[in-house]
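Just so you know, all these numbers are worked out from the coordinates, no wet-lab data involved. Because the structure is a prediction, the values reported are computed rather than measured. Neighbour counts run over all protein chains shown; Cβ positions are idealised from the backbone, glycine included.
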Amino acid sequence: MTSGKIIGWLIFIISAGIAGIILGPKAYALVTRTKCSEVRKYSVNSMDVRFNMNREELLSYIGTAAQNWENAVGMDLFEYDPEGELDFNLVFDERQELSSEIGNLEGDLDSKKENLVPQIEEYERLVAVYKKKAADLNSEILFYNNQGGAPEEKFNEIITRQKELESEAQSLNDLASRLNQSTEDYNVEVGKLNSTVKNFNTTLNYKPEQGIYSEGDQRIEIYFTTDKEELVHTLMHEMGHAIGLDHTEGTSDIMFTYTSEITEPSENDLSELKRVCAENVLLDRYKRNIDYLKQMFVENKTTIAS
Ligand SMILES: [Zn+2]
């Protein structure tokens, strides 16, 4: 055993003894405490209005995310507390903007399409009626021509119907050009939507994780969401980091580096959770202190030797 280790163990044994004397019966619970026996108290800090979400909605998504982890491990891990140290923030970024833009364009296109389809159907119905009238008139004209001409009254009626059909044809042409213009506008918007989607995908390639957990200030930031499942997934992922979970390799894991719509912990997630839950907080803390002291000891020795 090196001197560093001896010092480490001495510190550990003495401190544990002192803790036992001071805390008495509570000492056992303290010594056996794991990272999972600490319920993380959380609160909502800031929310950008452009997410179009209110505090209650966000809290209900966080509640679902917490529940999904808790059900998997069978213990309480998170609890809402307005003063909670772990705080959630919705931070607006370029991807959210692009995603909203896509949502708006899609909405626009849907309503344009809804308008256009019945107009086109009505146009086609009017054209069919027009064609029927024109065919009837033509066969009537042919009939009278074969007879060497129509009586004057009939002749005048045919001329009137011909004029009516001509003006009908004119208004049908006007309607057709208006519809062509609308279809053209529609296609321009489809093009705009496609380029926004392309832009969005390029941006996503650079930023696969849709949130971040920063351990120093116990802060979770969510940058972007497209739907409820994705948001719950991202919340679960960042809350997983907050408990101490690392990234895992499986594409269907909550702790996989890339975002998905999966909201149930996988086998990989559960074994990562078990690993973290088995870590003893006190031992971990002592281990870190001892490592630090050992480091100091080695550094001092080096200094003395030189
Ligand atoms: Zn992550």
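Results, tabulated for the structure shown:
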quantity	calculated
For residue 34, residues with placed amide H under 5 Å, excluding near neighbours	281
Two-decimal Rg/Rh across segment 96-206, once Rg and the Kirkwood Rh are taken from alpha-carbon atoms	1.35
Environment charge of residue 111, counting only residues whose C-beta is closer than 13 Å and scoring Lys/Arg +1, Asp/Glu -1	-4
For residue 78, residues with placed amide H under 5 Å, excluding near neighbours	40
Taking 233, 241 and counting other C-beta atoms within 10 Å, the order from fewest to most	241, 233
Neighbour net charge for residue 63 - beta-carbon separation under 11 angstrom, K R +1, D E -1	-4
Around residue 197: net Lys/Arg minus Asp/Glu count, Cβ-Cβ under 11 Å	0
Förster radius 35 Å - calculated FRET efficiency between residue 176 and residue 203 (Cβ-Cβ, nearest 0.05)	0.30
Packing-based order for 54-67, 127-140, using average beta carbon neighbours within 10 Å, highest first	54-67, 127-140
Theoretical FRET efficiency, 1/(1+(r/R0)^6), r = Cβ-Cβ of residue 212 and residue 106, R0 25 Å, to 0.05	0.35
Translational D in µm²/s for segment 156-224 (Stokes-Einstein at 4 °C, 1.567 mPa s, Kirkwood Rh from C-alpha pairs)	74
Packing-based exposure ordering (other Cβ within 10 Å, fewest first) of 123, 223	123, 223
Above-threshold pairs, the threshold being 20 Å between Cα atoms, out of 113/228; 198/228; 131/163; 133/154	113/228; 198/228
Tail fraction, Cα-Cα pairs, segment 190-282, threshold 16 Å, whole percent	59
